[in-house]
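Everything below concerns the one structure shown next.
The values are calculated or read from the model by the stated rules, or taken from the named source; none is laboratory data. Quantities reported herein were computed from a predicted structural model and do not represent experimental measurements. We place every Cβ from the backbone using ideal geometry, glycine too, and count neighbours over all the protein chains shown. The area values use the complete protein model at the heavy-atom level, side chains included, leaving out ligands, DNA and RNA. Shrake-Rupley method; radii C 1.70, N 1.55, O 1.52, S 1.80 Å.
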Protein chains: 2
Amino acid sequence: MNRMNFIKPAIPETTLRRLLYYMRCLRTYKKDGVKTVLSDNIAKKCGVKSSVVRKDLSYFGEFGVRGKGYDVDELCHKLDTMLNSLGPINTIVIGAGKLGTAIINHSKENFKTNIIAAFDKNRDKTGKNINGVPVYSLDKLEDIIKENNIKIAVIAIPPCEVQPVVDRLVSAGIKSILSLALLPINVPEGVEVSFFDVLSEVEYLFLKLNFKES
Amino acid sequence: MNRMNFIKPAIPETTLRRLLYYMRCLRTYKKDGVKTVLSDNIAKKCGVKSSVVRKDLSYFGEFGVRGKGYDVDELCHKLDTMLNSLGPINTIVIGAGKLGTAIINHSKENFKTNIIAAFDKNRDKTGKNINGVPVYSLDKLEDIIKENNIKIAVIAIPPCEVQPVVDRLVSAGIKSILSLALLPINVPEGVEVSFFDVLSEVEYLFLKLNFKES
DNA sequence: TATACTATGTGATTGTGAGAACAAGCACAT
DNA sequence: ATGTGCTTGTTCTCACAATCACATAGTATA
């Protein structure tokens, strides 16, 4: 049954995360000129079971043909349309230093996520462009967020300056913060914070290896 | 009950991940000179329930005093000791380009994760040091992995070159791969792959906002 | 020393996601 | 037209994680 038309169905977070894998996978199939795929093809590529793929897709609709599989172009298109109907993925980056710049440049190779503005307190950074993305003074923060109805912000500034900026982001309407600084930050109910750091991920993998295996 | 001394207890993955948050949180408490914390203090900082904190900690031992809370120094020290007893978190980075270099430099500010070697197929990169980390030719891959008993590798090379390198990593004994390239990769049973990309994370947060809220 | 109070540690319960198995449906051959 | 084979969509079961609630054990105070 197609639940797509209902408002806000309860889709598991794990499903949403895997959906990104599937999309990625489907795009490479499309690029390679593959016409049809089975749930098991996708599953193997993404390292999950085929029943998981089918169940995940079933949250969004019926896309396949029994006995035959999924039409790559069609599935790709339908999922894309569905996601585009949610509006553009607009985001801002706080901090136009090394890390911020790297993220902005990296984003230009990715057509999904739009970084529409960067912010820096440093005078010699503001007013310029980084790969087409304007760098504003932090004074403009609230204005830009409200004008563009931004809900997600990426924070790439030194740890000690994080909390005041977070407070401003929250009161300006930001609902989800991706922090590249490792220290814990305080936000009110309803705002989500995730941390993002390669070395933390390595630490986690390390713990996992040590506490799960044999 | 302290399960630390038993071999490979079944600790939930979610607990392991949160443990990193707690540690991070405890270090800032320590730095701020806070002597004692309650499970609820940690919980609020990390965005979880206090009972979750207590249960998570209980997998590793009894660290608190009823009616009083946790001694910050003591808890910090005990958890650190426990993790150090697992041995050093040694890892290697494949690819000494922009991304690889950034990670290596970043790792120098983090005392937990040791990057002990980098690899690159490019002749003008090999033989040099990046912030103290030697850059080897890819020929040395298997030797270094085996000599140092490396289990985790971070891949920061162009997508098209990923799969052959993965195959070599796996047969050299790598158990966990963190890929910074977005394309799916194939590994045998028992080897885990995670993907890591800021913009994918933004995409995920976006989906989460749209499919979870109100 | 006794009593009230406070916060931990844990057993029990609820909830949620993964995996397996099966029913349903389409294509194609005969 | 009908049957066969194949893969999807879905139900059901199991396992695991989050949450609750309470017993436990310490502190503080009079």
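Some notes on this structure:
- The listed residue being open to solvent by less than 20 Å² (accessible area, probe 1.4 Å), free of Cβ contacts under 8 Å to residues at least 24 places away in the same chain and outside any loop (DSSP other than H, G, I, E, B), out of B:209, B:169, B:199, B:178: B:199
- Residues in segment A:17-52 that are farther than 23 Å from residue B:176 by Cα and among the hydrophobic types (A, V, I, L, M, F, W, C) were compared, and the one that is surrounded by the fewest Cβ atoms within 10 Å (Cβ to Cβ) is A:34.
- The residues listed here are A:108, A:98; of these, the one that is modelled with pLDDT under 90, farther than 27 Å from residue B:192 by Cα and in contact with a helix residue (DSSP H, G or I) (Cβ under 8 Å, 6 or more places away or on another chain) is A:98.
- Residue match in segment B:148-158 (condition: in a helix (DSSP H, G or I) and away from every other protein chain (no Cβ under 11 Å)): yes
- None of A:34, A:65 is of a type in the set (A, V, I, L, M), more than 30 Å from residue A:170 (Cβ to Cβ), more than 10 Å from every other protein chain (Cβ to nearest Cβ) and within 16 Å of DNA strand C (Cβ to nearest atom) except A:65.
- Segment B:76-89, residues that are in a loop (DSSP other than H, G, I, E, B) and either out of contact with any strand residue (DSSP E or B) (no Cβ under 9 Å at 6 or more places or on another chain) or among the charged types (D, E, K, R) (or both): B:85, B:86, B:87
- Test: residue in segment B:178-193 that is modelled with pLDDT of 95 or more, in contact with a helix residue (DSSP H, G or I) (Cβ under 8 Å, 6 or more places away or on another chain), of a type in the set (A, V, I, L, M) and assigned by TED's automatic domain parsing to the domain that holds residue B:118: yes
- Among all positions in segment B:136-145, there is no residue which is assigned to a helix (DSSP H, G or I), of a type in the set (A, V, I, L, M), surrounded by 15 or more Cβ atoms within 10 Å (Cβ to Cβ) and facing chain A (nearest Cβ under 8 Å).
- Residue-level check: of (1) farther than 25 Å from residue B:187 by Cβ; (2) out of contact with any strand residue (DSSP E or B) (no Cβ under 6 Å at 6 or more places or on another chain); (3) modelled with pLDDT under 95, residue A:73 misses just (3).
- One residue stands out in segment A:43-62 among those that are within 8 Å of DNA strand C (Cβ to nearest atom) and not in a helix (DSSP H, G or I): the one that is nearest to the other protein chains (Cβ to nearest Cβ), namely A:48.
- Among the residues of segment B:168-178, the one identified as hydroxyl-bearing (Ser, Thr, Tyr) and within 11 Å of another protein chain (Cβ to nearest Cβ) is B:176.
- Residues of segment B:77-96 classified as exposed (fewer than 14 other Cβ atoms within 10 Å of the Cβ) and of a type in the set (Gly, Ala, Ser), total: 2
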